[in-house]
Amino acid sequence: MAETTTGRRERKKAQTRQALSDAAVRLFTERGFDEVGVREVAEAADVSLSTLFKHFPSKEALVFDLDADVESALVAAVRDRAPGQSVLHALRDHMVRTRTAVRTDDPTFVLVESTPALRDYARRMWSRHEKALAAVLAEATGLAPDSPAIAALARFTLEAPGIARAGEDPARTMREVFALLEDGWAGTPLARREERPDPEG
């Protein structure tokens with residue numbers, strides 16, 4: 001009975017979060033982020049202002065309802081990787097699958113990209129995953145979470161989507177970024193050209 005009650009409560013909480021997030025994106029898209037107050041969002045979702053803040057700590061957070069899920073998936077990509085698969089390849093595959101297929105005509109994407117406060121919040125939010133990623137990488141490799149190798153891999157992994165989305169083919173660019181991490185500068189075409197003797201020299 002308790003399990004049924006708990007399940008019902010969790011479903012209700014999820015429905016409320018979704019209603020708030022949907023109302024926020026709709027109102028922000030229609031009128032602009034700066035023109036809509038949190039009280040209006042609460043009223044549109046038919047909940048109290050205090051309920052809104054129980055679910056979302058700030059106005060910006062209303063647009064990013066899946067933050068916890070994103071971090072959980074990032075950690076799971078390393079922890080639940082296939083036997084024999086390296087952490088680097090697991091992260092590469094996860095990033096290609098989840099961070100390169102963003103539709104540029106998606107209302108939420110357009111809203112975030114056109115609103116400086118949301119762009120800044122999105123970057124800070126994404127960077128917060130670095131600690132959790134470093135922890136699971138340390139767990140998987142036996143290295144300390146603050147070791148240079150772990151810190152660098154966590155940081156570079158989280159920077160990769162921004163680089164990939166700027167390319168014409170985000171999935172290919174993402175793979176190239178991870179190839180650089182795996183093979184180092186010496187494995188890049190530019191480095192090989194640098195190593196060739198100068199015919200004029």
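The values are calculated or read from the model by the stated rules, or taken from the named source; none is laboratory data. A quick note: this is a predicted structure, and the numbers were derived from the prediction, not measured. For neighbour counting, all protein chains shown are included, and Cβ atoms are generated from backbone atoms with ideal geometry for every residue, glycine included. Ligands, DNA and RNA are excluded from the accessible area calculation, which covers all protein heavy atoms including side chains. Shrake-Rupley method; radii C 1.70, N 1.55, O 1.52, S 1.80 Å.
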**Fill in**
Selection over the stretch 72-95 where residues are assigned to a loop (DSSP other than H, G, I, E, B), touching a helix residue (DSSP H, G or I) at 6+ places or on another chain (Cβ under 9 Å) and open to solvent by 60 Å² or more (accessible area, probe 1.4 Å) yields a count of 2
**Message:** Of the residues Ala82, Ala68, Ala101, Ala122, only one is modelled with pLDDT of 90 or more and not aromatic (Phe, Trp, Tyr); which?
**Reply:** Ala82
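Can you confirm whether the stretch 96-109 contains a residue that is among the hydrophobic types (A, V, I, L, M, F, W, C), touching a Ser or Thr at 6+ places or on another chain (Cβ under 6 Å) and assigned to a helix (DSSP H, G or I)?
In the first step, residues of the stretch 96-109 are kept if they are among the hydrophobic types (A, V, I, L, M, F, W, C); the result is 96, 101-102, 109.
Within this subset, residues satisfying the condition of being touching a Ser or Thr at 6+ places or on another chain (Cβ under 6 Å) are none.
No - not one qualifying residue is present in the stretch 96-109.
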**Request:** Tell me which residues, restricted to the stretch 57-71, are within 13 Å of the chain's Cα centre (by Cα) and loosely packed, with under 14 Cβ neighbours inside 10 Å.
**Result:** Leu66, Ala68, Asp69
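Is there a residue being assigned to a helix (DSSP H, G or I), exposed (fewer than 14 other Cβ atoms within 10 Å of the Cβ) and more than 17 Å from the chain's Cα centre (by Cα) anywhere in the stretch 129-137?
no
Rundown of residues vs (1) over 12 Å from Met95 (Cβ atoms); (2) part of a helix (DSSP H, G or I); (3) of a type outside the set (S, T, N, Q), yes/no style:
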{"residue": "Asp146", "(1), (2), (3)": "yes, no, yes"}
{"residue": "Ala164", "(1), (2), (3)": "no, yes, yes"}
{"residue": "Glu168", "(1), (2), (3)": "yes, no, yes"}
{"residue": "Ala179", "(1), (2), (3)": "yes, yes, yes"}
**Request:** Mind listing whichever residues of the stretch 106-118 are free of Cβ contacts under 8 Å to residues at least 12 places away in the same chain and over 20 Å from Thr173 (Cβ atoms)?
**Result:** Ser114, Pro116
**Message:** Would you confirm, using the coordinates I've provided, whether Lys54 is open to solvent by 70 Å² or more (accessible area, probe 1.4 Å) and either modelled with pLDDT of 85 or more or more than 17 Å from Val136 (Cβ to Cβ) (or both)?
**Reply:** yes
